[in-house]
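I have placed the structure first, in the form of structure tokens, so that the comments after it can refer back to it.
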Amino acid sequence: MLCQLGVAVRTGQRAIVGKAMRLRTVKQTPKTIVSRKEWLAPRQGSRGQRAWALLAAGLLCLLVPTTKLPAAEDTNQSCLMCHEDHSLKDQAGRSLFVSKEQMEQSIHGRSGLSCVSCHVDLESVKDFPHSEKLARVACARCHEDAQRSVDTSVHAQAAPGKKTGGSSCASCHGYHDVVESKDVHSKTNPLNQPQTCGACHFVEKNGKRGEGFVKDFLQSTHGLALSRAGLANSASCSTCHGSHAVKGAADPASPMSRKQVPTTCGQCHSGILRDYLEGVHGRDFDKGIRDVPVCIDCHGEHQILSPLDKRSKVYATQIALTCAKCHDNEELIHKYKLLGKRLRTFQGSFHGVASAYGEPKVANCVSCHGFHNIRPSSDPESHIHPTKLPQTCGKCHPGAGEKLSQAKIHVLDPKVANYAGYVIQKAYFYLIAVIMGSFALYIFADLKVRLRQKFRKSQ
Amino acid sequence: MNRNRSPLDPSRAVLPEDSLASQADRLISDDEVFVRMTRSERLQHITLIICFVLLVLTGLPLLLDPSVWLKKLFFFETSFAWRGWIHRAAGAGLIGLSVFHLFYIVFTQRGREVFWALMPKLKDVTDALQSFGHNLGVTGWLHQRGICREFFDRHPSWLFEAPPRYGRYNFIEKFEYLAVLWGNVVMIVSGFFLWAINLSFRLFPLWVYDVFKIIHSYEAILAFLAIIIWHLYNVHLTPEVFPMSRVWLDGKITGHDLRTRHPLEYEAILEQRRLKSSNHRDTASQP
């Protein structure tokens, strides 16, 4: 028994110095098999032993830096005598089983916390089994900062239609098995966050309170990076939404509020943030213009897909429609004096037609204008600045840039765009109309006579 | 012709078919088979059909609005690229055919004959008017009602009482041949510059390239409509041959069809045979 306690306390010490992983390799102590019956039976002859054990444990505890620690093992052992029983249930039928192994491996177990460190109301209980109702564990006793953050979050607010507050600490962190977030088994590890958050936010349909977003996220490039590539440094729920202080996107303090989105994405995509801020969209964003697109307007939110994915809003054949949401929007065109009809003129070109039929190699908006650092044609660094055009067009049409750079692009009026073409087009139109009209007339007259002849002959 | 419109000339009431038939019975029987299209011509025609259909199928989507059902045809990633490759391959086939045909009409006896026979003459214009006027029958109706009677009495040809009598190729066929010649030249030239895109960008400004594109598109529409309206009517739907003239498959035409549809050619052959037989009789009777 003594030796057992010693091992446990030592493991507790190790956990405190933070060698969590090494701990897993420590050989587990053999389980003491004490049934409920045995526990309830009058204790015989073990008193002396127990006293020594308590003394030894107390002495050992003095070595532990956190001097607050009580004689963890002793109380744990006492609790586990009952709670290690799988069949132990409360009146409502909920299991009261506590896995000793999980407990010991949890961050609290490894730090030497005992059952009563959290279930504080048990400290004073002398009679066992104790009453069924225990006070709710108050994590804030130690984790004050976290609790303060949670209090400001949406999770502290009552869900619509409910009176009491939203989720408890345990809904995200788990109960006896709580481990630090770095641990891949932690419920709050980036790899497991979709499941943890999805426990509440997974709904088939997109709803108001973030319902269904987890489902979208699992399909997204970030979600797949977590689930398929196993990249724990890919964006998970808390990367963008924050952890304890998670707030609705409408809240300006939320990292997902419109003004914060570029910075939030820029945590990881810093090069893109730099390009974006240099471009025309980024500069207008800095001016505080609300209509200017931020990351999510082109890439989507939870369902962000790789640009190579056909369903992505920024896939080669889809990007024109995405840009057109603003650049063919009459209201925005009027408000910001944008050059309108970009989409229609593009769709009229061969590039646009091929793109509409799903040809990804053909030029689209970004092939000429660039993407994150789009600049106006007046900017000498812009891809569509007159001096840069030969190079830009030449990417696909080698040697053709010189003449192409003088051409008019995105002109809707055919007379202005290409007068000769316009005249030829009109001429062909009337020619076709006249020829087809004469064909129709001739066929009509011919058919009339021939059918009549045939009819008479058959008579 | 069996409309008793005008009693002016009693001979008009006699059917020319019957009179001709009675004269020529001995020299050209109705069952006799003549060659209208040689094997080479039929093969050229079939090649043209294949190329044309492929070109239309792979080219037309570019002119149409990419609607939902049309997009479904382009279901795999390289389908649009395939569209282009098939279109250019068929275009190359058409160029090859055109070159072959050029050699055919220059270097073969039959080719030269056919080519010159297909060249339009003034008679084809009057034939077209005559045919249309005759079918419409408006002038005859006016004359019957006594409207402009004086004008029609002075110019009886305006009554269009008889349908035109055609030679080996009627104005419809000549028109189609010329349309194919013209269309081919336009499509091949414009298509070449669209194909060699980087060459044309180096040679011309963009608007010239766009003009080629416009010409190629509209000429394609013209050709497509001409084929499905004009050609398909004249070789499939017209009651004369419905459901289909088989000339393009076997190249044959019977003496009867020759007599009724190409009377001038029929008469020319008849004349030839008459001369031949009289010469023969002469030479036979000399000794």
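Here are a few things to note about the model shown:
- Candidates A:SER438, A:SER355, A:SER377 - the one that is closer than 30 Å to B:VAL235 by Cβ and either among the polar types (S, T, N, Q) or at pLDDT below 90 (or both): A:SER438
- Of the candidates A:GLY401, A:GLY358, A:GLY340, the single residue that is more than 35 Å from the chain's Cα centre (by Cα) and surrounded by 17 or more Cβ atoms within 10 Å (Cβ to Cβ) is A:GLY401.
- Taken over the stretch B:103-142, residues that are surrounded by 13 or more Cβ atoms within 10 Å (Cβ to Cβ), more than 20 Å from the chain's Cα centre (by Cα) and of a type in the set (A, V, I, L, M, F, W, C) amount to 2.
- The residues of the stretch B:185-229 that are closer than 30 Å to A:ALA440 by Cα, free of Cβ contacts under 8 Å to residues at least 60 places away in the same chain and within 9 Å of chain A (Cβ to nearest Cβ), listed by number, are B:VAL211, B:LYS213, B:ILE214, B:ILE215, B:TYR218, B:GLU219, B:LEU222, B:LEU225, B:ALA226, B:ILE229.
- All positions within the stretch A:423-441 that are more than 7 Å from chain B (Cβ to nearest Cβ) and of a type in the set (Ser, Thr, Tyr): A:TYR430, A:SER438
- The stretch A:84-126: number of residues that are outside any loop (DSSP other than H, G, I, E, B), closer than 16 Å to A:ASP177 by Cβ and free of Cβ contacts under 8 Å to residues at least 12 places away in the same chain: 1
- B:PHE160 meets each of the listed conditions (1) surrounded by 20 or more Cβ atoms within 10 Å (Cβ to Cβ); (2) of a type in the set (Phe, Trp, Tyr); (3) at negative phi; (4) under 26 Å from the mean Cα position of the chain (by Cα) apart from (3).
- Test: residue in the stretch A:131-141 that is part of a loop (DSSP other than H, G, I, E, B), surrounded by 14 or more Cβ atoms within 10 Å (Cβ to Cβ) and not aliphatic (A, V, I, L, M): no
- Scanning the stretch A:390-422 for residues that are within 7 Å of chain B (Cβ to nearest Cβ) and under 30 Å from B:ILE228 (Cβ atoms) gives A:ASN418, A:ALA420, A:GLY421.
- Residue within the stretch A:151-162 that is modelled with pLDDT of 85 or more and surrounded by fewer than 16 Cβ atoms within 10 Å (Cβ to Cβ) present: yes
- Candidate set: the stretch A:313-360, residues that are assigned to a helix (DSSP H, G or I) and among the small types (Gly, Ala, Ser); chosen: the one nearest to A:ASP413 (Cα to Cα): A:GLY348
- Any chance B:TYR177 is surrounded by fewer than 19 Cβ atoms within 10 Å (Cβ to Cβ), hydroxyl-bearing (Ser, Thr, Tyr) and in contact (Cβ under 8 Å) with a residue 40 or more places away in the chain: yes
- When residues in the stretch B:240-287 are screened for being of a type in the set (Ser, Thr, Tyr) and exposed (fewer than 12 other Cβ atoms within 10 Å of the Cβ), 3 of them pass.
- Flag if A:ALA235 is touching a Ser or Thr at 6+ places or on another chain (Cβ under 8 Å), among the small types (Gly, Ala, Ser) and either assigned to a helix (DSSP H, G or I) or within 17 Å of A:THR188 (Cβ to Cβ) (or both): no
- The single condition among (1) under 30 Å from B:THR38 (Cβ atoms); (2) free of Cβ contacts under 8 Å to residues at least 60 places away in the same chain that B:VAL114 does not meet is (2).
The values are calculated or read from the model by the stated rules, or taken from the named source; none is laboratory data. Predicted model only: the values in this text are computed from it and were never measured. Neighbour counts are summed over all protein chains in view; Cβ atoms, including those assigned to glycine, are modelled from backbone coordinates with ideal geometry.
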